[in-house]
1. Hey, could you check region 21-36 for residues that are surrounded by 13 or more Cβ atoms within 10 Å (Cβ to Cβ) and not hydrophobic (A, V, I, L, M, F, W, C) and say which is nearest to Val86 (Cα to Cα)?
2. Out of region 122-133, which residues are within 12 Å of the chain's Cα centre (by Cα) and in contact (Cβ under 8 Å) with a residue 40 or more places away in the chain?
3. Any residue in region 146-164 that's over 27 Å from Asp100 (Cβ atoms): show its pairings with residues that are exposed (fewer than 11 other Cβ atoms within 10 Å of the Cβ) and at pLDDT below 75 at Cβ separation under 9 Å, as long as the two are six or more apart or on different chains.
4. One residue is enough: does region 37-49 have a residue meeting the conditions part of a helix (DSSP H, G or I), within 17 Å of Trp134 (Cβ to Cβ) and under 17 Å from the mean Cα position of the chain (by Cα)?
5. Would you mind stating whether Gly47 is of a type outside the set (Val, Ile, Thr) and free of Cβ contacts under 8 Å to residues at least 24 places away in the same chain?
6. Go through region 129-148 and give me each residue that's part of a strand (DSSP E or B), under 15 Å from His72 (Cα atoms) and either open to solvent by 30 Å² or more (accessible area, probe 1.4 Å) or modelled with pLDDT under 90 (or both).
7. Within region 93-108, count every residue that is more than 17 Å from Val127 (Cβ to Cβ) and in contact (Cβ under 8 Å) with a residue 24 or more places away in the chain.
8. State all residues of region 60-91 that are surrounded by 15 or more Cβ atoms within 10 Å (Cβ to Cβ), small (Gly, Ala, Ser) and touching a residue at least 60 places away in the same chain (Cβ under 8 Å); if no residue qualifies, say none.
Amino acid sequence: MTSNPAITSTPTQPAMPTHHFEMRFTSTPRGARLARRLCAERLHAWGIPYSTEAHDAVVLLVAELSANADQHGRVPGRDFHVRLTVPAQPIAPVRIEVTDTRGERTPVPAPCLPGPDRTEGRGLLLVAALADRWGWGPRPDGAPGKIVWAERDRRSQDATAVFGHM
């Protein structure tokens, strides 16, 4: 038996785990708050600690997308679904996906700032400012509704650099 010296075997390293959290929430303000709180806890447990810029930015993205699902994607008796994905590699982006069952009300691609007398309409501006990428599309499972997603690179500048002095 002869061996071929050109063929070498390298030990395979185990793949780094990707953390996932997903849950359905009632399409209510309480459901949106619960989504934010549970995602905040998961991020902390996965090594993105409370009160860090990365944690606060991702939690704000979850809060805004969940609030939009409640405000604009609500269909009576239907829930919205949140999925949070955090790859173990520190250079990989955190991804937030929120699905709802109302497909005819879609996000505005380039939101504009509402007048100073209005207190609503700034959620997608926050998403656009804090996310490195975001978008929406039909639900991947073919069910009625849409998915709105945002990705945040963990090396992104902090919120004060985006918004100025806060």
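The values are calculated or read from the model by the stated rules, or taken from the named source; none is laboratory data. Note that the structure is a prediction, hence the values are computed from the model and not measured. Glycine also receives a Cβ, built like all others from the backbone with ideal geometry; neighbour counts cover every protein chain displayed. For the accessible areas, the whole protein counts, side chains as well, though only heavy atoms, and no ligand, DNA or RNA atoms are used. Shrake-Rupley method; radii C 1.70, N 1.55, O 1.52, S 1.80 Å.
1. Within region 21-36, the match that is nearest to Val86 (Cα to Cα) is Arg36.
2. Correct list: Val127, Leu130, Ala131, Arg133.
3. Between residues of region 146-164 that are over 27 Å from Asp100 (Cβ atoms) and residues that are exposed (fewer than 11 other Cβ atoms within 10 Å of the Cβ) and at pLDDT below 75, the close pairs are Thr160/Met166.
4. yes
5. So Gly47 fits the description; yes.
6. Selection gives Trp136 alone.
7. So the count comes out to 3.
8. The answer is Ala69, Gly73.
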